[in-house]
1. Look at THR103 and say whether it is among the β-branched types (Val, Ile, Thr), without any contact (Cβ under 8 Å) to a residue 12 or more places away in the chain and part of a loop (DSSP other than H, G, I, E, B).
2. Picking from PHE192, PHE199, which residue would you name as being at pLDDT 95 or above and either buried (at least 21 other Cβ atoms within 10 Å of the Cβ) or among the β-branched types (Val, Ile, Thr) (or both)?
3. Residue check: is ALA141 within 23 Å of LEU4 (Cβ to Cβ), in contact (Cβ under 8 Å) with a residue 40 or more places away in the chain and in contact with a Lys or Arg (Cβ under 9 Å, 6 or more places away or on another chain)?
4. If you check PHE204, PHE134, PHE199, PHE194, which single one turns out to be of a type in the set (Phe, Trp, Tyr) and in contact (Cβ under 8 Å) with a residue 60 or more places away in the chain?
5. Touching a Leu at 6+ places or on another chain (Cβ under 9 Å) and among the small types (Gly, Ala, Ser): does that describe SER107?
6. If a residue has to be within 13 Å of ASN186 (Cα to Cα), small (Gly, Ala, Ser) and under 15 Å from the mean Cα position of the chain (by Cα) to count, how many in the range 19-50 make the cut?
7. If we scan the range 155-176, do we find a residue that is more than 22 Å from ASP20 (Cα to Cα), touching a residue at least 24 places away in the same chain (Cβ under 8 Å), of a type in the set (S, T, N, Q) and assigned to a loop (DSSP other than H, G, I, E, B)?
8. Considering PRO128, PRO96, which residue is farther than 30 Å from PRO208 by Cβ, out of contact with any helix residue (DSSP H, G or I) (no Cβ under 6 Å at 6 or more places or on another chain) and either of a type outside the set (Asp, Glu) or part of a helix (DSSP H, G or I) (or both)?
Amino acid sequence: MSELYVVRHAQASFGAANYDVLSELGHEQSFELGRALAAQGVRPDRFYIGQQRRHRETYEGIAKGMGLDAAPATIHPGLNEFDFKALLDAHYRHTPAPEHMHTERKSHFRTLRDTVLAWQRGDVIDPPETWDAFTARVDDARQTLIGSGGESVLAVSSGGAIGQMLAWTVESPSSQQIKFQLQMKNCAVNRFVFSPRSFYLHGFNETPHINAANADKLLTYS
């Protein structure tokens, strides 16, 4: 069977004016992941990324770590993250928002969980993207990846889109998507195997580049 590796981007810049930029640590994470995948014998023949800068920068670091020329990867918008800032603002458009929901990690992720569940129920009025549109574009990306003709495909995406792909694969309720998302480590690898008639989860939230010696430095979630 063919293999699909879907990687969450490395650490971005939470709380900064531009979140969509890898931190210095994020660049190191992506390079070390590339080295670890190469050591495992992973040799992708197709590469895909979302449209966001953190996806491209993570891919470039992985390619460098694998010793590959970072030729432009194919961009698929279905791998983009949902606009979590705009979604939070839409949810609290007419009510007071929790304090520091955009700047303090604990507040942000607790509020995001509740907001995504409301979004899935259709309780967020005029969201930047409907839940149905989000799930449709993520599945379109999945079908593109497995239909690419590659025997080993690597894609870089974000936690929300990956969480939805995982939830769809294991046929779980929509509410499981945000549970997967909030568990997702930076540069985590999610492995799938597929054939023309099947698609299976083969590995979840793996971090082959992290061990006991470097975990305090390299293991991050946001």
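1. Working: among the β-branched types (Val, Ile, Thr): yes; without any contact (Cβ under 8 Å) to a residue 12 or more places away in the chain: no; part of a loop (DSSP other than H, G, I, E, B): yes.
It is false that THR103 is among the β-branched types (Val, Ile, Thr), without any contact (Cβ under 8 Å) to a residue 12 or more places away in the chain and part of a loop (DSSP other than H, G, I, E, B).
2. Working: PHE199 fails: either buried (at least 21 other Cβ atoms within 10 Å of the Cβ) or among the β-branched types (Val, Ile, Thr) (or both).
One residue alone meets the criteria, PHE192.
3. Working: within 23 Å of LEU4 (Cβ to Cβ): yes; in contact (Cβ under 8 Å) with a residue 40 or more places away in the chain: yes; in contact with a Lys or Arg (Cβ under 9 Å, 6 or more places away or on another chain): no.
It is false that ALA141 is within 23 Å of LEU4 (Cβ to Cβ), in contact (Cβ under 8 Å) with a residue 40 or more places away in the chain and in contact with a Lys or Arg (Cβ under 9 Å, 6 or more places away or on another chain).
4. PHE194 is the lone residue from the list that is of a type in the set (Phe, Trp, Tyr) and in contact (Cβ under 8 Å) with a residue 60 or more places away in the chain.
5. no
6. Summing the residues that are within 13 Å of ASN186 (Cα to Cα), small (Gly, Ala, Ser) and under 15 Å from the mean Cα position of the chain (by Cα) in the range 19-50 gives 2.
7. The initial filter retains those residues of the range 155-176 that are more than 22 Å from ASP20 (Cα to Cα), namely 166-176.
If we keep only those that are touching a residue at least 24 places away in the same chain (Cβ under 8 Å) as well, we get 166, 168-170, 174-175.
So of that shortlist, the ones also of a type in the set (S, T, N, Q) come out as 169, 174-175.
Retained after the next criterion (residues that are assigned to a loop (DSSP other than H, G, I, E, B)): 174-175.
Checked the range 155-176: at least one residue is more than 22 Å from ASP20 (Cα to Cα), touching a residue at least 24 places away in the same chain (Cβ under 8 Å), of a type in the set (S, T, N, Q) and assigned to a loop (DSSP other than H, G, I, E, B).
8. PRO96
The values are calculated or read from the model by the stated rules, or taken from the named source; none is laboratory data. This is a predicted model, so every value here is computed, not measured. Reconstructed Cβ throughout: ideal geometry from the backbone, glycine too, with neighbour counts over all protein chains shown.
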